[in-house]
Structure formats: structure tokens, C-alpha cells
1. Being surrounded by fewer than 24 Cβ atoms within 10 Å (Cβ to Cβ) and touching a Phe, Trp or Tyr at 6+ places or on another chain (Cβ under 8 Å), is that true of even one residue in the stretch 170-190?
2. Being part of a strand (DSSP E or B) and within 24 Å of the chain's Cα centre (by Cα) is the filter here; which residues of the stretch 235-256 pass it?
3. Given Ala77, Ala49, which one is in contact with an Asp or Glu (Cβ under 9 Å, 6 or more places away or on another chain), modelled with pLDDT of 95 or more and of a type outside the set (Ser, Thr, Tyr)?
4. Mind listing whichever residues of the stretch 269-288 are more than 27 Å from the chain's Cα centre (by Cα), among the polar types (S, T, N, Q) and assigned to a strand (DSSP E or B)?
5. Go through Gly240, Gly260, Gly236 for me and flag whichever is at pLDDT 85 or above and at positive phi.
6. Pull up the stretch 96-111, narrow it to residues that are in contact with a helix residue (DSSP H, G or I) (Cβ under 7 Å, 6 or more places away or on another chain) and surrounded by fewer than 24 Cβ atoms within 10 Å (Cβ to Cβ), then point me to the one that is modelled with the lowest pLDDT.
Amino acid sequence: MINLGPNAQAAAPSAPVTSVKIFGVGGAGLSLLERLVDARLGRAELVAASTDAQALMNSPAARKVQLGREGTKGLGAGGDPLLGESAAKESAAEIRAECAGAQVILVCAGLGGGTGSGAAPVIAHEAHRKGALVIGVVTMPLAGEGGKRRDQAEHALARLARSCTAILCFENDRLNELGPEGATISDAFNAASRTLAMAVAAVVRMVSLPAVLRLGVDELVNVFHGSGARCEFGCGFATGPDRVRTAVEEALRSPLLESGKLLGEVENVLVHITGDNSVKLTEVHSALRQISGHLEDSAQVMLGVAVDPEDEDLFGVVIMACATSGGARDVAIDTEEEEGTEEEQLSAGQPGEEASAKPAKSKGKTKASRKTDTGEQKQEELPLDQAMRGRFKDLDPTMVDGQDLDVPTFIRMRIRLK
């Protein structure tokens, strides 16, 4: 049995619930914006953000932000996330100006490269600071692209999760599920772009269409709060006498939902149904019955229904699901905020990099510096003027030329490990 969320409420059709902005960041983000230009996105504004001046010039988006004019000189980030991050910080004022006035902001990017991995978390952070609800729509690199690119993508995903209420994450390794066997790589990537464009358009319609059964920003926050931010997504649209069954089946076949398999593992599901004025209550019930067959009895469903007279017999179903328990795909992050200024938090980069040429002043250690995931001391904090023997403490030392050979060489020689 489906349990509806406590905040679901009937509402007369009214003005759009919120204003929406969509940031396309880097090459993949700009490609996605091209797909969205012809979509009916209501009041949503498209914003192209890139370090590549030529790519920006060719973008059909109405609003554009050139990231890092001085730092990159109009060129790309060359696959370096640090350069992409630096470029976004340089253009932070322009980013904040573009975020102004939007209640919901979608940050779309391909992770693993330079501009998307480096700039998207900064843009999400600035959008969050402006008080917007931030949703990430990102792609992860193919397995064959190498470990370094994957590590860069995972690190960027973890940083995005700090500012995003939810992240729709598309694994490029699932591309072969989007087309027939033997499809060309161009066809596969085009299919992936269409899927992402449908996801973005569906989210925009969800929060901006006049509602019959309201499902707004507060429900989105309620569903995804405390879930690690990463969610799965499926949408389907159909016309004709069998439109309900066809639309639900199309949504369940989505690679992002693993053909509906993930629905049996989640506790919170958001279902949004759209259609023209001919949508019947029996059709809504029929769609819910189909979806409930894939859910646990204890699953809670947030239901929204919106009517768009321009749909012309089109019945649409959007399913967003988020597991409360982490899985293999989840990225573990420390959600506890660090002390210090927001600028200091943004200066945190890739693992192993130097934070800045000029270390920020601090009155004491931050919470993050006082603990690690393993509870062990960092190497630079280990004392070099003493050595503990551990379980060999009752044995006589091995002395040669006045030196205790039981003490590790790097300690005896006072060599600091890099």
C-alpha cells in the first residue's frame, strides 16, 4: 500500500510555484543546454558557464558567464579541476549575480574533467549561499577513462553533495542500455543527452507548473534530507488510450532507476504526474498501483499532480527515489561544517594538494583538523623526537654505533615524509 507524504495537499491551479535557473557548466553542461533550448521550461532561465570563450560564444543560452577570464585567458581548463575551481572563484561575483532571484537552481555538468569537476561545486556553493534549493545533474566518466579521471569525478561529486539537496547522477557506463545493440557511440551519447534533458525538464515542470495536488520545494527537501543527497530518477510520457501504463513503464525502464530494481530498496519516493485538463482521478490511481508493485509496503510516497493545458493528451510520470542507506555508488563525505570563513572552506581542493600559497590565519584547529576518518594522527603531527616500541618494549634494543636500529630510519634521520 502506498503511504502519501504528510505535506501533500490539494491546491487550486495558480501561478508557477517558483523561479528556476539552470546552469550548464563546462563542455557537457553546455551540450545539455543545447538540448533544453527548445523544451518548454516555463520561467526557467538557462545560464552557460565555461572557461572556454569560443564554446560560450556558440552556446544558445541567453545568459553566459565566462569563468576565469584572467586565469584561463578564454581557453579550457585542460582537464585540471584545480584550474576549473580557480576560474570559478575568480568569477564568483558574476555567478552570485546570476543566482540572484532564483528559488531553485539546477547545476548540470560532466564530472571527471577540469571545468565541470572544478567549477560546478563552486557554483552550487554560491547558489546555496543565495538561499536557493540546489539540485545537481551530473554524469560520471566511463570506466575505461582511467582511475585518475574517476577519482576527480568522485571528489567533485562529494563536494557537490555539500551544497545540493539532491543529485541526479548518470553513469556513462550505462550508455549501452539507452540504445539498440550495435548503436554508434554518437547515437549512445545523444541518447544520454536526451535522457538528461528529460530529467532536467521534468524537475523544472515539477516545481513550476500550477498544482492540483501540490508538491513543492519543501517536499523535495523532506524526501532527500539526510539521504546523502544522491538520488535516482525516471520519467515517461505517453499519449493515447493506454497512456498511463505506457508512461509508467517508460519511467520504470530508465537506466537511472536500473529498470525499477532500485525502488524496492528505498524508503522515500517522489511521484509527480502531469497532463492536460482531461486527466482523470482513475488514471492517477492506476499509475500509483503500477508503481506500488515495485515498492516496499513501508515506503512513503510524496505525490504531486499538475495540469498543463498545452500538453494535448500527454500524460507524464516522474519518479525520484533516494535510499536512506548508503550503497556502493554513494560517496561518503563529512557533512559536519568546518569552522572558519566560507572562503577558507572553498579553498579546500583535491586530496594531497597544497591549500594555498598563503595559509589562512586561524585562531585554532577546526573540527575537521581535530579528527580523521580513521582516528589516526596525521603524519606531520607525529613527534620525531621519540619512538615507541609497541609490543617489542620488553626486548633489548639493537644498538649499532650508538643508534637504535629498532627505531624507523625516517625517524632516526629526522626525515619528514611527503
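The values are calculated or read from the model by the stated rules, or taken from the named source; none is laboratory data. Values in this document were obtained by computation on a predicted structure and should not be read as measured data. Methodologically, a virtual Cβ is constructed for each residue, glycine included, from the backbone with ideal geometry; neighbour enumeration extends over all protein chains shown.
1. yes
2. Selection gives Cys235, Gly236.
3. Matching residue, one of Ala77, Ala49: Ala49.
4. Of everything in the stretch 269-288, nothing turns out to be more than 27 Å from the chain's Cα centre (by Cα), among the polar types (S, T, N, Q) and assigned to a strand (DSSP E or B).
5. Exactly one residue qualifies, and that residue is Gly240.
6. Among those residues, the one meeting the criterion is Gln103.
Each row is one residue, and each column tells you yes or no for (1) touching a Cys at 6+ places or on another chain (Cβ under 6 Å); (2) in a helix (DSSP H, G or I).
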| site | (1), (2) |
| --- | --- |
| Val47 | no, no |
| Ala61 | no, no |
| Gly74 | no, no |
| Glu85 | no, yes |
| Lys89 | no, yes |
| Ala93 | no, yes |
| Cys108 | no, no |
| His125 | no, yes |
| Val138 | yes, no |
